[in-house]
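Enquirer: Below you'll find the structure I mean.
The values are calculated or read from the model by the stated rules, or taken from the named source; none is laboratory data. Note that this is a predicted model, so its numbers are computed, not measured. With ideal geometry, Cβ positions are generated from the backbone for all residues, glycine too; neighbour counts draw on all protein chains shown. Surface accessibility is based on the protein's heavy atoms, side chains included, excluding ligands, DNA and RNA. Shrake-Rupley method; radii C 1.70, N 1.55, O 1.52, S 1.80 Å.
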Amino acid sequence: MKIAVIGAGYVGLVTAACLADLGNDVICNDIDSGKISKLNRGAIPIYEPGLDDLIKRNRREKRIKFTTNLRSAVESSEVIFIAVGTPPKDSGEADLTHIEAVARDIARYMKSYHLVVEKSTTPVETGIWIKKTLESYARKGVKFDVASNPEFLREGSAIGDFMRPDRIIIGVESKKAEAILTELYRPLGSEIIVTNINSAEIIKHASNSFLATKISFINAVANICERSGADVEEVARGMGLDKRIGRSFLDAGIGFGGFCFPKDIEAFIHISEKLGYNFELLKSVKRINEAQRLLLVKKVEKVLWNIKGKTIGVLGLAFKPNTDDMRFAPSSTIIEKLKQEGAHIRAYDPQSMGRARQLPEFKGVRFCKDPYGAVKGADCALIVTEWNEFKELDLKKIKKLMCQPVIVDGRNIYEPKMMKDLGFKYNCIGRA
Ligand code: UGA
């Protein structure tokens, strides 16, 4: 099929590359000319395992092109995916102005039938607004359909998630739109659920909110474990074996970050309120998550007594492993707070230091070339992101390098007993 993907962000790029790899002709458009010329030079603007090779291969096979020209993207495609950003406004409401602007431009350039598919995460009823916008601005007689096809990929495993999804959601209003999208996704062999557009939009918000609820729930349980001498890992395993609950997303830690969960929860709370429902449960999920980040700072305070003047070696900055994404990363809040308390921060992350350096919260942080450099002379090492390389550290070397062997682990990557046997003062989440 001839496909245009508007927006070369995380979701847009991965969607474009994967659809090209399935044999479609894809043209990917973005207004950021710097990003597009980078892509046209073969450079990938984000770190995502496998994406580099996938884009290179499909550029070579001439199945994917990048352009800033929206008109040519619209004119040369039948299916158009909108994957532009829906960032939060100060109020938490999703800012849909980019979506509207793109829909208006698409309408102006459409000369024949197009299926316009909303891929960005959007509040319920956005599809209806896209349809109204297309109706208002399209030439007379031009036919189109609107669909919602939310994406469930995770950063760090985006390509596998796209190619082997648990389910594909298609929210449509016409048989034609259903047939096109069903055909497009047929090669993936996954179950396709066809719904109306509003349901598809809510499926995405509700799924992310439910996963975030699981995380806040287990973090709340971790707090009870700490107070009672129970072990949250054992509790999560015991709960997770119940098939109705499941073990995934029950890893206690410093809470969820990234550009999806925090933003989508805010947007879901907001749209619920707009529709006349007070989503108290999600408000609590958000509050628990915010408190969990600061819990780590409280733990540091507890072991170091005063933070002022102490050196803290922070291992991991990205909001999770296998990404360089720093958006809504817990490390920002934690480091900002530690700096306010007067700590000297040394830090290391395998992928995200370039991005972190540009953020004001990281001003004054000493970035180190490896984890050993980050903990050198430190009064405390702080595990913030559970990169595999931190699980394989030479802990004897770490102990020698540190000013005192204190580790506060926000991701529970080590066994408490082993750490104690090695002579560390080891403090983690929800485990004695
Ligand atoms: C999330 C969803 O998992 C995807 O399905 C969805 O497509 C995506 O948002 C999106 O809306 O675009 P992502 O934000 O990439 O994906 O990352 P996750 O792997 O879901 O992790 C989110 C956060 O939760 C991370 O900060 C992670 O550290 C935290 N987390 C996750 C926990 O604290 N505990 C867990 O058990 C699992």
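Enquirer: Which residues, taken from region 245-254, are more than 6 Å from the ligand (Cβ to nearest atom) and either on the phi < 0 side of the Ramachandran plot or buried (at least 22 other Cβ atoms within 10 Å of the Cβ) (or both)? Write out each step before concluding.
Expert: Quick first cut of region 245-254, residues more than 6 Å from the ligand (Cβ to nearest atom) only: 245-248, 252, 254.
Passing the criteria: ILE245, ARG247, SER248, ALA252, ILE254.
Enquirer: Considering only residues of region 232-254 that are in a helix (DSSP H, G or I) and among the acidic types (Asp, Glu), which is farthest from PRO321 (Cα to Cα)? Lay out the reasoning, then the answer.
Expert: Step one: of region 232-254, the residues in a helix (DSSP H, G or I) are 232-240.
Subset that is among the acidic types (Asp, Glu): 233-234.
Details: GLU233: 20, GLU234: 23 Å.
Of everything passing the filter in region 232-254, GLU234 is farthest from PRO321 (Cα to Cα).
Enquirer: From the list ALA107, ALA138, ALA103, ALA147, which residue is over 20 Å from ALA16 (Cα atoms), out of contact with any Phe, Trp or Tyr (no Cβ under 6 Å at 6 or more places or on another chain) and among the hydrophobic types (A, V, I, L, M, F, W, C)?
Expert: Values: ALA107 fails: out of contact with any Phe, Trp or Tyr (no Cβ under 6 Å at 6 or more places or on another chain); ALA103 fails: over 20 Å from ALA16 (Cα atoms); ALA147 fails: over 20 Å from ALA16 (Cα atoms).
Answer to the selection: ALA138.
Enquirer: Out of the residues in region 108-148 meeting the condition of being among the charged types (D, E, K, R) and crowded, with 20+ Cβ neighbours inside 10 Å, tell me which one is nearest to the ligand (Cβ to nearest atom).
Expert: Filtering region 108-148 down to residues among the charged types (D, E, K, R) leaves 108, 111, 118-119, 125, 131-132, 135, 139-140, 143, 145.
Filter again for crowded, with 20+ Cβ neighbours inside 10 Å, leaving 118-119, 145.
On the way: GLU118: 14, LYS119: 10, ASP145: 24 Å.
Within region 108-148, the match that is nearest to the ligand (Cβ to nearest atom) is LYS119.
Enquirer: Residue pairs, Cβ under 6 Å, 6 or more apart or interchain, first in region 384-405 and more than 25 Å from LEU295 (Cα to Cα), second assigned to a helix (DSSP H, G or I) and open to solvent by less than 40 Å² (accessible area, probe 1.4 Å). List them.
Expert: LEU401/VAL375
Enquirer: Right, another one. With region 117-198 as the region, which strands (runs of 3 or more DSSP E) entirely inside it contain at least 3 residues that are more than 21 Å from the chain's Cα centre (by Cα)?
Expert: Details: elements: 144-148, 168-171, 192-195.
Of the strands (runs of 3 or more DSSP E) lying wholly inside region 117-198, those with at least 3 residues that are more than 21 Å from the chain's Cα centre (by Cα) span 144-148, 192-195.
Enquirer: Now a separate question. In the set ASP32, ASP21, which member is open to solvent by less than 50 Å² (accessible area, probe 1.4 Å), under 29 Å from HIS205 (Cα atoms) and acidic (Asp, Glu)? Even if it seems obvious, please write down each step before you answer.
Expert: On the way: ASP32 fails: open to solvent by less than 50 Å² (accessible area, probe 1.4 Å).
From the options ASP32, ASP21, the qualifying one is ASP21.
Enquirer: Check region 355-369 and report whether any residue there is assigned to a loop (DSSP other than H, G, I, E, B), away from the ligand (no atom under 14 Å from the Cβ), open to solvent by 10 Å² or more (accessible area, probe 1.4 Å) and touching a Phe, Trp or Tyr at 6+ places or on another chain (Cβ under 9 Å).
Expert: The first filter runs over region 355-369 and keeps only residues assigned to a loop (DSSP other than H, G, I, E, B), leaving 358-359, 363-365, 368-369.
Adding the requirement that they be away from the ligand (no atom under 14 Å from the Cβ) leaves 358-359, 363-365, 368-369.
Keeping just the survivors that are open to solvent by 10 Å² or more (accessible area, probe 1.4 Å) gives 358-359, 363-365, 368-369.
Subsequent filtering for residues that are touching a Phe, Trp or Tyr at 6+ places or on another chain (Cβ under 9 Å) retains 368-369.
Yes: region 355-369 contains one or more residues that are assigned to a loop (DSSP other than H, G, I, E, B), away from the ligand (no atom under 14 Å from the Cβ), open to solvent by 10 Å² or more (accessible area, probe 1.4 Å) and touching a Phe, Trp or Tyr at 6+ places or on another chain (Cβ under 9 Å).
Enquirer: Do any helices (runs of 4 or more DSSP H) entirely within region 370-411 hold 1 or more residues that are under 19 Å from MET353 (Cα atoms), of a type in the set (D, E, K, R) and out of contact with any Leu (no Cβ under 6 Å at 6 or more places or on another chain), and if so, which? Steps first, answer last, please.
Expert: Working: elements: 371-375, 388-391, 395-401.
In region 370-411, the matching helices (runs of 4 or more DSSP H) lie at 388-391.
Enquirer: What do you reckon, is ALA73 assigned by TED's automatic domain parsing to the domain that holds GLU155 and over 30 Å from TYR113 (Cβ atoms)? I'd like the intermediate steps shown before the answer.
Expert: Working: assigned by TED's automatic domain parsing to the domain that holds GLU155: yes; over 30 Å from TYR113 (Cβ atoms): no.
Considered against the rule, which asks whether it is assigned by TED's automatic domain parsing to the domain that holds GLU155 and over 30 Å from TYR113 (Cβ atoms), ALA73 comes out as no.
Enquirer: Within the set of pairs 6+ apart or on separate chains, which have a first residue in region 254-270 that is among the β-branched types (Val, Ile, Thr), a second that is open to solvent by 20 Å² or more (accessible area, probe 1.4 Å) and more than 6 Å from the ligand (Cβ to nearest atom), and C-beta atoms under 6 Å apart?
Expert: Correct list of pairs: ILE254/ARG293; ILE265/LYS286; ILE269/PHE279.
Enquirer: Further question: Do we find that ARG167 is in the same structural domain as GLY127 (by TED's automatic domain parsing), open to solvent by 50 Å² or more (accessible area, probe 1.4 Å), touching a strand residue (DSSP E or B) at 6+ places or on another chain (Cβ under 8 Å) and within 16 Å of the ligand (Cβ to nearest atom) in this structure? Talk me through it step by step, then tell me what you get.
Expert: Values: in the same structural domain as GLY127 (by TED's automatic domain parsing): yes; open to solvent by 50 Å² or more (accessible area, probe 1.4 Å): yes; touching a strand residue (DSSP E or B) at 6+ places or on another chain (Cβ under 8 Å): yes; within 16 Å of the ligand (Cβ to nearest atom): yes.
When the stated conditions are applied, ARG167 passes them.
Enquirer: Looking only at region 74-91, count how many residues are in contact with a helix residue (DSSP H, G or I) (Cβ under 9 Å, 6 or more places away or on another chain), within 20 Å of LEU19 (Cβ to Cβ) and open to solvent by less than 70 Å² (accessible area, probe 1.4 Å).
Expert: 8
Enquirer: Can you tell me which residue within region 182-230, out of those that are closer than 19 Å to ILE130 by Cβ and within 16 Å of the ligand (Cβ to nearest atom), is most open to solvent (accessible area, probe 1.4 Å)?
Expert: Restricting to residues being closer than 19 Å to ILE130 by Cβ and within 16 Å of the ligand (Cβ to nearest atom), the top hit is ILE202.
So that you can scan it fast, the table gives a plain yes or no per residue for (1) in the same structural domain as ASN322 (by TED's automatic domain parsing); (2) within 19 Å of PHE259 (Cβ to Cβ); (3) under 23 Å from the mean Cα position of the chain (by Cα):
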| site | (1), (2), (3) |
| --- | --- |
| GLY9 | no, yes, yes |
| LEU13 | no, yes, yes |
| LEU19 | no, no, yes |
| VAL26 | no, no, no |
| LEU39 | no, no, yes |
| PRO49 | no, yes, yes |
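Enquirer: Are any residues in region 293-323 charged (D, E, K, R), surrounded by fewer than 19 Cβ atoms within 10 Å (Cβ to Cβ) and not in a helix (DSSP H, G or I), and if so, which ones? Break it down stepwise before answering.
Expert: Here is the first cut: in region 293-323, the residues charged (D, E, K, R) are 293, 298-299, 301-302, 308, 310, 320.
Now drop any that are not surrounded by fewer than 19 Cβ atoms within 10 Å (Cβ to Cβ), which leaves 298, 301-302, 308.
Of everything in region 293-323, just one residue is charged (D, E, K, R), surrounded by fewer than 19 Cβ atoms within 10 Å (Cβ to Cβ) and not in a helix (DSSP H, G or I), namely LYS308.
Enquirer: Would you check if ALA158 is open to solvent by less than 20 Å² (accessible area, probe 1.4 Å), in the same structural domain as VAL11 (by TED's automatic domain parsing), within 16 Å of the ligand (Cβ to nearest atom) and farther than 18 Å from GLU75 by Cα?
Expert: Numbers: open to solvent by less than 20 Å² (accessible area, probe 1.4 Å): yes; in the same structural domain as VAL11 (by TED's automatic domain parsing): yes; within 16 Å of the ligand (Cβ to nearest atom): yes; farther than 18 Å from GLU75 by Cα: yes.
When the stated conditions are applied, ALA158 passes them.
Enquirer: For region 255-271, enumerate the residues that are assigned to a helix (DSSP H, G or I) and either among the charged types (D, E, K, R) or open to solvent by less than 10 Å² (accessible area, probe 1.4 Å) (or both). Before you say what the answer is, go through the steps one by one.
Expert: Initially, region 255-271 is screened for residues assigned to a helix (DSSP H, G or I), giving 261-271.
Scanning region 255-271 gives LYS263, ASP264, ILE265, GLU266, ALA267.
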